[in-house]
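All remarks here apply to the structure that follows.
The values are calculated or read from the model by the stated rules, or taken from the named source; none is laboratory data. Since we're looking at a predicted model, the values are computed, not measured. Counting neighbours? That spans all protein chains shown, and the Cβs are built from the backbone with ideal geometry, glycine included.
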Amino acid sequence: MSVLGAQIRLWPRSDGGKFLAWMLGAFGLVFAVNGIFIWLALSTWSGLTTDHPYERGLAYNQTLQEAAAEAALGWHSELEFKNHRLLVRFHDRSGGALDRLQVTARFVRPTSDGADRNLPLDAVGDGGYTATVDLPLPGQWQVLVKAEGRAGSYHLARRLIAP
């Protein structure tokens, strides 16, 4: 190609071997990095969030029945987490405090195994239940609270950020 009489070469004249080597090297690097990321993703977390997922799937209708019974109770709750202290308050349909419940909390770390904690909560009156929580890692946690009484059981799940 010539512009105003000067010769400009847009592509060096060669047999294309250099170009082919660069293209294969670039794609090879992309495949190698993707392979490393896939191996890391598959080797660090199994992807299972529950024990015995097949059996739990078979019992799904029972889970739906339990959820309907829980909704029929009309209970509601408030959860507060401050200064390593968990406080949960339970109220019935009319807003009255629910005392004499057996309440437990399970702290689950969604991103790592082995850090989960189970705690019983102590009654403090006026429908309140509390426990001191010492979490081993900062960051996001899932709190699963279960309250059981004579009328039935109630489940509460919340996400929180621990310092």
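Is it the case that residue 66 is outside the structural domain of residue 142 (by TED's automatic domain parsing), surrounded by 12 or more Cβ atoms within 10 Å (Cβ to Cβ) and either part of a strand (DSSP E or B) or of a type outside the set (A, V, I, L, M) (or both)?
In short, yes.
Looking at the range 111-139 only, could you name the residues that are over 30 Å from residue 69 (Cα atoms) and either assigned to a strand (DSSP E or B) or not aliphatic (A, V, I, L, M) (or both)?
Across the range 111-139, the qualifying residues are 111, 112, 113, 114, 132, 134, 136, 138, 139.
Could you please find all residues in the range 89-114 being over 21 Å from the mean Cα position of the chain (by Cα) and under 30 Å from residue 134 (Cβ atoms)?
Matches in the range 89-114: 89, 90, 91, 97, 98, 99, 100, 101, 102, 103.
Looking at the range 132-149 only, could you name the residues that are surrounded by fewer than 19 Cβ atoms within 10 Å (Cβ to Cβ) and among the small types (Gly, Ala, Ser)?
Listed by number, the residues that qualify are 139, 149.
Could you tell me which of the residues 61, 34 is outside the structural domain of residue 155 (by TED's automatic domain parsing), exposed (fewer than 10 other Cβ atoms within 10 Å of the Cβ) and either of a type in the set (A, V, I, L, M, F, W, C) or at negative phi (or both)?
61
Consider residue 82 against the criteria (1) touching a residue at least 24 places away in the same chain (Cβ under 8 Å); (2) within 25 Å of residue 142 (Cβ to Cβ); (3) in the same structural domain as residue 121 (by TED's automatic domain parsing): it satisfies all of them except one. Which criterion is unmet?
Exception for residue 82: condition (1).
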